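Read through the structure below, which is laid out as structure tokens, and then see the notes.
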């Protein structure tokens, strides 16, 4: 729900605006009113509205000067100028200082409704964008920690045959496609290739000990010997038996 403040020296107009806003049921609430600019300046910091209706013709300080002060303090606040003067110069000044809308008195309910719908859409879009920025910033901060934790997780679970990208994504609360992109961006290697690489490094350790291939395959989470053989050869450019033979010979193991 967005908060609205009405700044106008005419009580009848403030009441009319308030009634229109309440009747339209646009998920808005009028949280404050002010008869003039000075009162508005002294209360707006406490009220912190999302939308402010500002009369352009007020004593002591006109609506344009007040709007400048408000926009300087709260750049995201949406200001709607109300004026009885159908004058391009007023409109130009309002647009130039960042006012989002310019409406003529006497106000028309349909115009108010359309204006508020447009403003709400803009506020919703900004809120969504802000949330995405915050999320991305948080993820940016946490990326390295996340990747390190994933690597540790793979180290501790590589022997599980069902360890794959989807399982890791579920474990860490990510979408599988997003996690794959994140891991590749941080490490310059695909996550699935990193899992295989981890398994093949363990397989090499077993090969150095002379372990039979089907035993090694099971011990590194690839119980299918044929598939394991393909992965091993792709990683080392040698079959498991060839690699084991070379290692055993160099270590004088018969």
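See the values below:
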item: Which numbered condition residue 227 fails, given (1) within 30 Å of residue 143 (Cα to Cα); (2) exposed (fewer than 13 other Cβ atoms within 10 Å of the Cβ); result: (1)
item: Any hit, the range 9-30, residues being in contact with a strand residue (DSSP E or B) (Cβ under 7 Å, 6 or more places away or on another chain), part of a strand (DSSP E or B) and surrounded by fewer than 16 Cβ atoms within 10 Å (Cβ to Cβ); result: yes
item: Tally of residues being surrounded by fewer than 17 Cβ atoms within 10 Å (Cβ to Cβ) and part of a loop (DSSP other than H, G, I, E, B) across the range 37-61; result: 5
item: Residue in the range 139-152 that is touching a residue at least 24 places away in the same chain (Cβ under 8 Å) and surrounded by fewer than 13 Cβ atoms within 10 Å (Cβ to Cβ) present; result: yes
item: Helices (runs of 4 or more DSSP H) completely within the range 88-176 that count 3 or more residues being outside the structural domain of residue 50 (by TED's automatic domain parsing), over 30 Å from residue 70 (Cα atoms) and modelled with pLDDT of 90 or more; result: 109-157, 165-172
item: The listed residue being at pLDDT 90 or above and on the phi < 0 side of the Ramachandran plot, out of 229, 221; result: 229
item: Check on residue 47, touching a strand residue (DSSP E or B) at 6+ places or on another chain (Cβ under 6 Å) and at pLDDT below 90; result: yes
item: Helices (runs of 4 or more DSSP H) completely within the range 187-254 that count 2 or more residues being touching a helix residue (DSSP H, G or I) at 6+ places or on another chain (Cβ under 9 Å) and closer than 20 Å to residue 155 by Cα; result: 191-208, 213-219, 225-236
item: Of the criteria (1) buried (at least 16 other Cβ atoms within 10 Å of the Cβ); (2) under 30 Å from residue 143 (Cα atoms), which one residue 190 fails; result: (1)
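The values are calculated or read from the model by the stated rules, or taken from the named source; none is laboratory data. Because the structure is a prediction, the values reported are computed rather than measured. Cβ: placed from backbone, ideal geometry, glycine included. Neighbour counts: every protein chain shown.
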